[in-house]
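A quick write-up on the structure given underneath.
Read the figures in this text as sums done on the coordinates, not as results from a lab. The model shown is predicted, which means the values in this text are computed figures rather than measured ones. FYI the Cβ positions are ideal-geometry reconstructions off the backbone, even for glycines, and counts take in every protein chain you see.
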Amino acid sequence: MSSGEELSDLLEGILERIDLPILLLNENQRILYANSDFLKYFGKDTTEVTGLHINEVISIKGTTDIFAFEDTGPPFDELLITCKSGSVEKEFYFCGQKFPLANGQNGLLIIARDVTLRRKLEQQLQESEEKYREMVDNSNDAIFVIDKNGKFLEVNRKALELYSYSKDEFEKLSFIDLLVADPDPGLVVEQLRDLAENAENKCVEQVHRTKDGREIVVEVCVTRMSPGNQTMLMFVRDLSFRKQIQEQLLKAEKLSTLGAAISTLRHEINNPLTVIMGESQLLMIEHEDLPEKVLVRVKNIHQMGQRISNALMKLSRFVKSEKEETVELAGIKMFKLNDD
């Protein structure tokens, strides 16, 4: 056996022990050698592939003339290739290096790494991140990611809408800039850290100011991104609408209580008032010969009773939210209970 043959056998033995698909092509891109890993991946044997053009053995998608021998530089770095042989489709990173052949010509030694599973996982991760991003952006709460100093790292779409800042503007701000009060920055960040570490209550109510100067009442909830991580995840819920509803409910409750009190008051006053007005009217009708001074006083009693009755009726309508006239006295609007 010649030294050339011994060297060839030694090289083949080395290539067979490498646990990666390996090809050796000539300048015409025909296969001179394929190791057992390559044959195993594509279900071929040596007699089937030797001498064939690379494209006759595997179908390479999305690339043309990838094995050209034009440059003499370093091997190409991890060129992503999608290969198909029969029903088998895999993705590889191909790394090629020019290789001198015994006939004085150049060949191309190709080492391939199967990254099919890795690429699938990367795609799943990307899809997962896109779903996460979509979920975050469609949240009804403003969501922030802030660093240990309170600087904004990420903001969602609701945060941009609620505070009227752009994403670029948020990158120049910190959480302290949203507060209406002018607190100590270090103290605020420390309070946020305490909230993030609190196992029972991670939320606090605050008043924030938006870019256009509006003051909004919000609920801020804070948690760590991960154990030991100084980055914090913050959920901010606008409570302005809820506060308005609460105020309206409180007002309705007060009016309900007032209505019950007025109903009782009307009942307690109307009974004796009816007697007063009835008796005064009878006096004016049946005793026309009353002295003028007495008759004037009886008429006054009847008129005052009528005013009291009208005032009670207007109070009842006010509680039922009927629109009534108001009068202004010394700059203060007051409910008008009579027509005088």
Tell me, Asp289, Asp147, Asp238 in order of fewest to most beta-carbon neighbours within 10 Å?
Asp289, Asp147, Asp238
Pairs over 29 Å Cα to Cα, from Lys44/Lys98; Lys158/Lys202; Lys40/Lys120; Lys98/Lys120; Lys120/Lys202, come to Lys98/Lys120; Lys120/Lys202
How are the C-alpha pair distances of the stretch 139-238 spread across 10 Å bins, as whole percents from the shortest bin up?
16, 54, 28, 2
Starting with the fewest neighbours, write out Lys151, Lys293, Lys90, Lys40 ranked by other beta-carbon atoms found within 10 Å of each beta-carbon.
Lys293, Lys40, Lys151, Lys90
Please arrange Arg118, Arg17 by how many other C-beta atoms lie within 10 Å of their C-beta, fewest to most.
Arg17, Arg118
Label point distance in nm, Arg17-Leu250, each placed 7 Å from Cα along Cα→Cβ
8.4
Whole-number value, in Å³ per residue, for the convex hull of the alpha carbons of the stretch 80-216 is 224
Give, in nm to one decimal, the length gained when the segment between Tyr132 and Ser87 is fully stretched (0.36 nm per residue of separation minus the Cα-Cα distance).
12.8 nm
Please give, to one decimal in nm, the separation of the simple spin-label points placed at Glu268 and Ser226, each 7 Å out from Cα toward the Cβ.
7.0
